[in-house]
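The values are calculated or read from the model by the stated rules, or taken from the named source; none is laboratory data. Everything numeric in this text was worked out from a predicted model, so none of it was measured. Positions of Cβ are backbone-derived with ideal geometry, glycine not excepted, and every protein chain shown enters the neighbour counts.
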Amino acid sequence: MERDNPRSPQGDGCLAGAVRIPVKIVAVLIVLPVRVVCELLAALGRGLARYVFAPLWEYVLEPVVRALGWVVATLLRLVFVWPWAALWRYVLRPVGAWLYAYLLAPVGRVLYGCLILPLARATWRYVLVPVGRALVWLAAAAHRYVLRPLYRYVLTPLGQVLGWAWRVAGVITGALWRGAKAVGWVLVGWPLSQVYRYVLTPAGHLLRAVWRTARETVREVRAEVRRVLFGTPPREPARSRARTLGSTTAADAAPADEISLRQRQG
């Protein structure tokens, strides 16, 4: 009986036992040499980085790079920074200060005292002040003779009429909405509720019972296929385990009386 059993001592099925041997052969012949070569290359790279490239950079390349950077920075300052700084400090800034002190400042004071200040005073006195007074008078006249009569004799009565019309429209709309709801319930809501209560609910209960039975059957078939292929002991469904645990209460108990449709409605 032990020799006729196709499963291995660990409880594996025939399919798992047939796949295990080629996998071990591939691991020994291919994966192990590749792993050894990768480890050797990694060790060689770490040794070169530690004992060759690090001392070469620290004692040879880094001093050379620093010296070249200092030379390039010095050349750039000689060519681009120091000439322009000397030009600004010894030529442009003294010339600009002399021009401002002896030419631009006197001319500006003369223009401000003889032209800009009198022109600004005349503009304020003869243009801006009269225009401002005219605008204030126009605003007061428009408010007294246009805006106030318009608000009193046009906008106020129009607002009252619109408010009354809005209230009447609200009453009419509420009545129409209540009528539409009543008609909708009679024509659509009540027939749909009857169809749901007497057709869809029993059909849903029937489909749920069929679905539960089909699901239990699929679970049992899947467990049997797994046992045949991989040697895994089948898992008993919850219903069958409840029937075989030494108690016949769950298996022998009579199903509860189903509540009739008239009782649920009541």
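Whether any residue in segment 159-172 is under 30 Å from Arg20 (Cα atoms), small (Gly, Ala, Ser) and surrounded by 10 or more Cβ atoms within 10 Å (Cβ to Cβ) is what I want to check.
The answer is no, given that none of the residues of segment 159-172 is under 30 Å from Arg20 (Cα atoms), small (Gly, Ala, Ser) and surrounded by 10 or more Cβ atoms within 10 Å (Cβ to Cβ).
Quick one: Val60 ticks every box in (1) of a type in the set (A, V, I, L, M); (2) at pLDDT below 85; (3) loosely packed, with under 10 Cβ neighbours inside 10 Å except a single one, so which number is it?
All conditions pass for Val60, except number (3).
If you take just the helices (runs of 4 or more DSSP H) that sit entirely in segment 146-264, which of them hold at least 1 residues that are among the β-branched types (Val, Ile, Thr) and either modelled with pLDDT under 85 or touching a Lys or Arg at 6+ places or on another chain (Cβ under 9 Å) (or both)?
201-230, 249-252
Quick one: is Leu138 assigned to a helix (DSSP H, G or I) and at pLDDT 90 or above?
Judged against the criteria, Leu138 is a match.
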